[in-house]
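Let me begin by presenting the structure, written as structure tokens, before commenting on it.
Read-outs: derived from the displayed coordinates by stated rules, not from any lab. The shown structure was predicted, so the numbers you read here are calculated from the model rather than taken from an experiment. Ideal geometry is used to build each Cβ from the backbone, glycine not excepted, and the neighbour counts take in all protein chains shown.
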Amino acid sequence: MATFNKFNSFVEALAEKKHDLGADVLKALLTNAAPVAANTVKANLTEIAAGNGYAAGGPAINVSASSQTAGTYSCVTDDEVITASGGTIGPFRYVVLYNDTAAGDELIGWYDYGSSITLNDGEAFTIDFGASLLTLA
């Protein structure tokens, strides 16, 4: 599974009420340029070209549960499948999560897949968020 990294600004943005992970629209953007922890908003990134099954800004991520138990918060999301249709998608190495509802499209974190990926026509890529997109304790 890919390595998850959080953007430094995400912690402050949570504290300053810029994110409502249970209600805001979260998206997954594809890029082949390495994000850095100091990035703060979507405009800091270089997205791959839209087309062939990949929409500009990336797909919306479905939050299936947002709750806390005994002081531990968990944001659970459905996996997202991107399928190339009519040509290739990529290359991309990073999947970046951001809040499309927040002003400036505040960044959350990114997954590093270790090497560039290109989807050929008809191939699919699953963004696997695991049991929980994130847990805060």
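Enumerate by residue number the trypsin sites (Lys or Arg not before Pro) in region 1-84 meeting two conditions: DSSP loop (anything except H, G, I, E, B), and at most 15 other Cβ atoms within 10 Å of the site's Cβ.
Working: sites: K6, K17, K18, K27, K42; in loops: K17, K18.
Those that pass, being in a loop and sparsely packed, are K17.
Might you report the magnitude of the Cβ-based charge dipole of the chain about its Cα centre, with Lys and Arg at +1 and Asp and Glu at -1, to the nearest 20 debye?
It works out to roughly 240 debye.
Taken over region 89-132, the ratio of Cα radius of gyration to 2.2 N^0.38 Å equals 1.37. Scanning residues 5 or more positions from G53 or on other chains, those with amide H under 5 Å from its amide H are S85, with H placed 1.01 Å from N in the peptide plane. Using the Karplus relation 6.51 cos²θ - 1.76 cosθ + 1.60 with θ = phi - 60°, the per-residue 3J(HN,Hα) values for region 47-63 come to 7, 5, 5, 6, x, 6, x, 10, 8, 3, x, x, x, 6, 9, 7, 7 Hz, with x marking Gly and Pro.
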